[in-house]
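Quick one: the structure is below, and I'll ask about it shortly.
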Amino acid sequence: MIKTIIVCFCLLFTTHAFGKSKEYYQQTLIHILTQCNSECQEKVFKQEVHSAFVGLLEAILNEIRFKLSMKEKEVIIEEL
């Protein structure tokens, strides 16, 4: 039961954070609750967490790249 609650929370969180479709998570959740055993649930959970983590890291790196490029432009403008 705790695993199911954690999976639901993660699925709902990543829906908003990374823009996966609501239908994708509905189908995943239905699959987990109706057709998966505990091994399958663990595999799906790990896959979703991994995907969310990689997406979060990509977003952080993109933000850092943007800030660095803005700093670089500021330095170039100050030198002129």
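Just so you know, all these numbers are worked out from the coordinates, no wet-lab data involved. Quick caveat: nothing in here was measured; it's all calculated off a predicted structure. Backbone-built Cβ (ideal geometry, glycine too); neighbour counts: all protein chains shown.
Out of the range 20-47, which residues are closer than 20 Å to Lys3 by Cα and loosely packed, with under 10 Cβ neighbours inside 10 Å?
Thr34, Gln35, Asn37, Ser38, Glu39
Quick one: His50 ticks every box in (1) exposed (fewer than 13 other Cβ atoms within 10 Å of the Cβ); (2) over 12 Å from Lys3 (Cβ atoms); (3) in contact with a helix residue (DSSP H, G or I) (Cβ under 8 Å, 6 or more places away or on another chain) bar one, so which box is it?
Going through the list (1) exposed (fewer than 13 other Cβ atoms within 10 Å of the Cβ); (2) over 12 Å from Lys3 (Cβ atoms); (3) in contact with a helix residue (DSSP H, G or I) (Cβ under 8 Å, 6 or more places away or on another chain), His50 breaks only (3).
Something else about it: Need pairs with beta-carbon distance below 6 Å; first residue within 19 Å of Ile30 (Cβ to Cβ) and within the range 44-66, second among the β-branched types (Val, Ile, Thr) and assigned to a helix (DSSP H, G or I); sequence gap 6+ or separate chains.
Val44/Ile32; Phe45/Val7
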